[in-house]
Amino acid sequence: MLSSGGEHVQMKSLEFMVFRRSQAEELAKSLGFGVSRGYLTLNGRTVYCQCCGKALRPARLGNVLPGSTIVYCDDPACFAEYVDKYLWE
Ligand SMILES: [Zn+2]
């Protein structure tokens, strides 16, 4: 729903990791991911978004399913799938 002063969009607080874009690479590394030639890797293999299949750059990391190596990019459509698949079962 649009309102006249639609600048203030509240982020919903759901159960997923929240981090700043600048922290994404650090976070990924703390979870065991590597970075090679600008892309996230795991065990030497490039990591892809679970939804759209795009190779993930650290800055485009959207969500990591806690306790797993399942990652999503920051595309809103992919985020929607993540929420639908893992948070609302
Ligand atoms: Zn994606």
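What follows draws every value from the coordinates through simple rules; no lab data is involved. None of these values were measured; they are calculated from a predicted model. Neighbour counts run over all protein chains shown; Cβ positions are idealised from the backbone, glycine included.
Return the residues of segment 25-35 that are touching a residue at least 12 places away in the same chain (Cβ under 8 Å) and in a helix (DSSP H, G or I); say none if nothing qualifies. Break it down stepwise before answering.
The initial filter retains those residues of segment 25-35 that are touching a residue at least 12 places away in the same chain (Cβ under 8 Å), namely 25, 27-28, 31-33, 35.
Once the filter is applied, which keeps residues that are touching a residue at least 12 places away in the same chain (Cβ under 8 Å) and in a helix (DSSP H, G or I), segment 25-35 yields Glu25, Leu27, Ala28.
May I ask you to list pairs of residues, at least six apart or on different chains, whose Cβ atoms are under 9 Å apart, with the first in segment 46-75 being under 13 Å from Leu31 (Cα atoms) and the second being near the ligand (Cβ under 7 Å from one of its atoms) and hydroxyl-bearing (Ser, Thr, Tyr)?
Here the result reads Leu61/Tyr72; Asn63/Tyr72; Val64/Tyr72; Leu65/Tyr72, each pair linking segment 46-75 to a residue that is near the ligand (Cβ under 7 Å from one of its atoms) and hydroxyl-bearing (Ser, Thr, Tyr).
Do we have Gly53 as loosely packed, with under 12 Cβ neighbours inside 10 Å and within 12 Å of the ligand (Cβ to nearest atom) here?
So Gly53 fits the description; yes.
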